[in-house]
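The values are calculated or read from the model by the stated rules, or taken from the named source; none is laboratory data. What you see is a predicted model, and the numbers here were worked out from it, not measured in a lab. Cβ sites come from the backbone with ideal geometry, for glycine too, and all protein chains shown count toward neighbours.
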Amino acid sequence: MRHRVHGFKLGRKTNHRRAMWRNMAVSLFTHGQITTTLPKAKSVKPFVEKLITAAKQGDLASRRRVIKMMGDRVMIKHENDDAVKRNKYGEVVGGPKVVKTLFDEIAPRYADRTGGYTRIVKLAKHRIGDGASLCVLQLVSAEDSGPQVSGQYSRRRDKANKRMERAAALRKGGSAAAVADPEAPAEDQPAAEAADQAQPEADAGEEKSE
(Lines give C-alpha, C1' and ligand atoms only; values in the text may rest on other atoms or scores of the structure.)
Protein backbone atom coordinates (compact mmCIF):
# COMPACT_ATOMS: atom_id res chain seq x y z
CA MET A 1 0.00 0.00 0.00
CA ARG A 2 1.13 3.52 -0.80
CA HIS A 3 -0.04 5.29 2.31
CA ARG A 4 0.90 9.00 2.26
CA VAL A 5 3.05 8.50 -0.85
CA HIS A 6 2.04 11.12 -3.39
CA GLY A 7 3.06 11.55 -7.00
CA PHE A 8 2.95 9.58 -10.24
CA LYS A 9 5.18 6.59 -10.89
CA LEU A 10 4.48 6.66 -14.64
CA GLY A 11 5.76 3.11 -14.99
CA ARG A 12 9.35 4.22 -14.41
CA LYS A 13 12.03 3.78 -11.79
CA THR A 14 13.06 6.73 -9.64
CA ASN A 15 16.18 7.65 -11.63
CA HIS A 16 14.36 7.33 -14.94
CA ARG A 17 11.50 9.48 -13.69
CA ARG A 18 13.80 12.22 -12.40
CA ALA A 19 15.74 12.25 -15.66
CA MET A 20 12.46 12.69 -17.52
CA TRP A 21 11.57 15.63 -15.24
CA ARG A 22 14.93 17.29 -15.95
CA ASN A 23 14.49 16.92 -19.71
CA MET A 24 10.95 18.29 -19.63
CA ALA A 25 11.95 21.22 -17.40
CA VAL A 26 14.79 22.19 -19.75
CA SER A 27 12.44 22.04 -22.75
CA LEU A 28 9.83 24.10 -20.92
CA PHE A 29 12.30 26.84 -19.97
CA THR A 30 13.72 26.84 -23.49
CA HIS A 31 10.50 27.04 -25.52
CA GLY A 32 7.98 28.37 -23.00
CA GLN A 33 5.60 25.46 -23.51
CA ILE A 34 5.68 21.74 -24.26
CA THR A 35 3.11 19.24 -25.50
CA THR A 36 2.92 16.04 -23.47
CA THR A 37 0.45 13.64 -21.91
CA LEU A 38 -1.74 14.73 -19.02
CA PRO A 39 -0.19 12.44 -16.34
CA LYS A 40 3.33 13.58 -17.28
CA ALA A 41 2.32 17.24 -17.12
CA LYS A 42 0.74 16.80 -13.68
CA SER A 43 3.84 14.92 -12.54
CA VAL A 44 6.43 17.48 -13.68
CA LYS A 45 4.48 20.59 -12.68
CA PRO A 46 5.52 20.54 -8.96
CA PHE A 47 9.13 19.96 -10.03
CA VAL A 48 9.08 23.04 -12.27
CA GLU A 49 7.33 25.16 -9.65
CA LYS A 50 10.04 24.37 -7.10
CA LEU A 51 12.77 25.31 -9.58
CA ILE A 52 11.20 28.71 -10.26
CA THR A 53 10.64 29.33 -6.54
CA ALA A 54 14.31 28.60 -5.84
CA ALA A 55 15.39 30.81 -8.75
CA LYS A 56 13.37 33.74 -7.33
CA GLN A 57 15.69 33.82 -4.30
CA GLY A 58 18.64 34.51 -6.60
CA ASP A 59 21.45 33.63 -4.17
CA LEU A 60 24.37 31.29 -4.74
CA ALA A 61 22.91 28.48 -2.66
CA SER A 62 19.70 28.52 -4.70
CA ARG A 63 21.67 28.47 -7.94
CA ARG A 64 23.64 25.44 -6.78
CA ARG A 65 20.44 23.71 -5.69
CA VAL A 66 18.83 24.29 -9.09
CA ILE A 67 21.91 22.99 -10.89
CA LYS A 68 21.80 19.89 -8.69
CA MET A 69 18.13 19.31 -9.50
CA MET A 70 18.21 19.70 -13.30
CA GLY A 71 21.80 20.37 -14.37
CA ASP A 72 23.15 23.34 -16.33
CA ARG A 73 22.57 22.48 -19.96
CA VAL A 74 22.84 24.53 -23.12
CA MET A 75 19.54 25.83 -24.49
CA ILE A 76 19.01 24.59 -28.06
CA LYS A 77 15.86 26.06 -29.60
CA HIS A 78 16.36 24.41 -33.01
CA GLU A 79 19.01 22.59 -34.95
CA ASN A 80 20.27 25.71 -36.78
CA ASP A 81 20.43 27.91 -33.67
CA ASP A 82 23.25 30.42 -34.18
CA ALA A 83 23.64 31.01 -30.44
CA VAL A 84 24.80 27.42 -29.92
CA LYS A 85 28.50 26.77 -30.51
CA ARG A 86 29.56 23.47 -32.08
CA ASN A 87 32.90 21.97 -32.96
CA LYS A 88 33.86 20.57 -36.34
CA TYR A 89 32.21 17.25 -35.43
CA GLY A 90 28.86 18.89 -34.68
CA GLU A 91 29.10 18.45 -30.91
CA VAL A 92 27.74 21.21 -28.67
CA VAL A 93 30.58 23.00 -26.87
CA GLY A 94 28.91 26.21 -25.67
CA GLY A 95 25.90 28.48 -25.78
CA PRO A 96 23.25 30.06 -23.57
CA LYS A 97 22.76 28.13 -20.33
CA VAL A 98 19.30 27.25 -19.08
CA VAL A 99 20.09 28.11 -15.43
CA LYS A 100 21.22 31.63 -16.36
CA THR A 101 18.04 32.15 -18.38
CA LEU A 102 15.94 30.84 -15.50
CA PHE A 103 17.52 33.19 -12.94
CA ASP A 104 17.88 36.28 -15.15
CA GLU A 105 14.78 36.19 -17.36
CA ILE A 106 12.12 33.75 -16.15
CA ALA A 107 12.24 34.11 -12.35
CA PRO A 108 12.03 37.97 -12.30
CA ARG A 109 8.71 37.79 -14.18
CA TYR A 110 7.12 36.08 -11.17
CA ALA A 111 8.45 38.36 -8.45
CA ASP A 112 4.91 39.34 -7.46
CA ARG A 113 3.48 35.81 -7.67
CA THR A 114 3.57 33.37 -4.78
CA GLY A 115 2.97 30.32 -6.94
CA GLY A 116 1.12 29.07 -9.98
CA TYR A 117 3.86 29.72 -12.52
CA THR A 118 2.59 27.11 -15.00
CA ARG A 119 -0.73 26.07 -16.46
CA ILE A 120 -2.03 22.90 -18.09
CA VAL A 121 -4.27 23.29 -21.15
CA LYS A 122 -6.00 20.13 -22.32
CA LEU A 123 -6.07 19.49 -26.05
CA ALA A 124 -9.03 18.01 -27.88
CA LYS A 125 -6.95 15.26 -29.44
CA HIS A 126 -5.21 12.04 -28.48
CA ARG A 127 -1.81 10.59 -29.23
CA ILE A 128 -1.68 8.25 -32.19
CA GLY A 129 -0.79 4.74 -31.05
CA ASP A 130 -1.97 4.45 -27.46
CA GLY A 131 -4.69 7.12 -27.51
CA ALA A 132 -3.26 9.02 -24.52
CA SER A 133 -4.81 12.39 -23.71
CA LEU A 134 -2.55 15.26 -24.78
CA CYS A 135 -2.15 18.64 -23.15
CA VAL A 136 0.09 21.70 -23.22
CA LEU A 137 2.19 22.65 -20.21
CA GLN A 138 3.18 26.31 -20.49
CA LEU A 139 4.64 29.09 -18.41
CA VAL A 140 2.18 31.76 -17.30
CA SER A 141 3.16 35.07 -18.86
CA ALA A 142 3.22 38.42 -17.10
CA GLU A 143 -0.09 39.42 -18.76
CA ASP A 144 -1.62 36.06 -17.76
CA SER A 145 -2.49 35.43 -21.40
CA GLY A 146 0.18 32.89 -22.31
CA PRO A 147 1.58 32.02 -25.73
CA GLN A 148 -0.51 30.46 -28.43
CA VAL A 149 -1.34 26.96 -27.26
CA SER A 150 -1.30 25.28 -30.66
CA GLY A 151 1.69 27.28 -31.90
CA GLN A 152 -0.51 28.84 -34.60
CA TYR A 153 -2.28 32.18 -34.92
CA SER A 154 -5.63 32.26 -33.12
CA ARG A 155 -8.20 35.03 -33.66
CA ARG A 156 -10.16 33.87 -30.63
CA ARG A 157 -7.13 34.44 -28.38
CA ASP A 158 -6.54 37.92 -29.86
CA LYS A 159 -10.19 38.91 -29.34
CA ALA A 160 -10.07 37.69 -25.75
CA ASN A 161 -6.90 39.69 -25.10
CA LYS A 162 -8.48 42.84 -26.55
CA ARG A 163 -11.54 42.41 -24.35
CA MET A 164 -9.28 42.02 -21.30
CA GLU A 165 -7.37 45.19 -22.21
CA ARG A 166 -10.62 47.14 -22.68
CA ALA A 167 -11.97 45.90 -19.33
CA ALA A 168 -8.71 46.84 -17.61
CA ALA A 169 -8.86 50.33 -19.11
CA LEU A 170 -12.41 50.77 -17.88
CA ARG A 171 -11.45 49.66 -14.39
CA LYS A 172 -8.68 52.25 -14.28
CA GLY A 173 -11.20 55.06 -14.66
CA GLY A 174 -11.70 55.42 -18.40
CA SER A 175 -15.14 55.82 -19.93
CA ALA A 176 -16.76 53.52 -22.42
CA ALA A 177 -16.69 56.26 -25.08
CA ALA A 178 -12.97 56.90 -24.57
CA VAL A 179 -12.08 53.24 -25.06
CA ALA A 180 -12.64 52.12 -28.62
CA ASP A 181 -14.50 48.89 -29.22
CA PRO A 182 -11.84 46.28 -30.08
CA GLU A 183 -14.19 44.36 -32.39
CA ALA A 184 -15.28 47.43 -34.38
CA PRO A 185 -13.21 47.93 -37.56
CA ALA A 186 -11.11 51.09 -37.59
CA GLU A 187 -12.23 52.13 -41.07
CA ASP A 188 -15.90 52.26 -40.06
CA GLN A 189 -15.44 55.08 -37.53
CA PRO A 190 -14.37 57.83 -40.05
CA ALA A 191 -17.23 56.78 -42.32
CA ALA A 192 -19.72 57.27 -39.50
CA GLU A 193 -18.28 60.71 -38.69
CA ALA A 194 -18.51 61.74 -42.36
CA ALA A 195 -22.16 60.62 -42.46
CA ASP A 196 -22.95 62.71 -39.37
CA GLN A 197 -21.36 65.79 -40.96
CA ALA A 198 -23.17 65.28 -44.26
CA GLN A 199 -26.59 65.02 -42.59
CA PRO A 200 -26.92 68.76 -41.62
CA GLU A 201 -25.86 69.80 -45.13
CA ALA A 202 -28.55 67.60 -46.64
CA ASP A 203 -31.16 69.08 -44.30
CA ALA A 204 -30.10 72.61 -45.26
CA GLY A 205 -30.45 71.76 -48.97
CA GLU A 206 -33.98 70.48 -48.45
CA GLU A 207 -35.00 73.72 -46.66
CA LYS A 208 -33.73 75.84 -49.56
CA SER A 209 -35.61 73.79 -52.11
CA GLU A 210 -38.84 74.30 -50.18
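Worth pointing out:
- Filtering region 22-42 to residues that are farther than 13 Å from residue 137 by Cα and touching a residue at least 12 places away in the same chain (Cβ under 8 Å) leaves only 22.
- In summary, residue 58 fulfils each of the numbered conditions (1) under 26 Å from residue 17 (Cβ atoms); (2) touching a residue at least 24 places away in the same chain (Cβ under 8 Å); (3) out of contact with any Asp or Glu (no Cβ under 6 Å at 6 or more places or on another chain) with the single exception of condition (1).
- Any hit, region 185-194, residues being surrounded by fewer than 11 Cβ atoms within 10 Å (Cβ to Cβ) and modelled with pLDDT of 60 or more: no
- Scanning region 70-107 for residues that are over 15 Å from the mean Cα position of the chain (by Cα), surrounded by fewer than 16 Cβ atoms within 10 Å (Cβ to Cβ) and assigned to a helix (DSSP H, G or I) returns 100, 101, 104.
- Of the residues making up region 105-136, those that are under 13 Å from residue 53 (Cα atoms) and among the acidic types (Asp, Glu) number 1.
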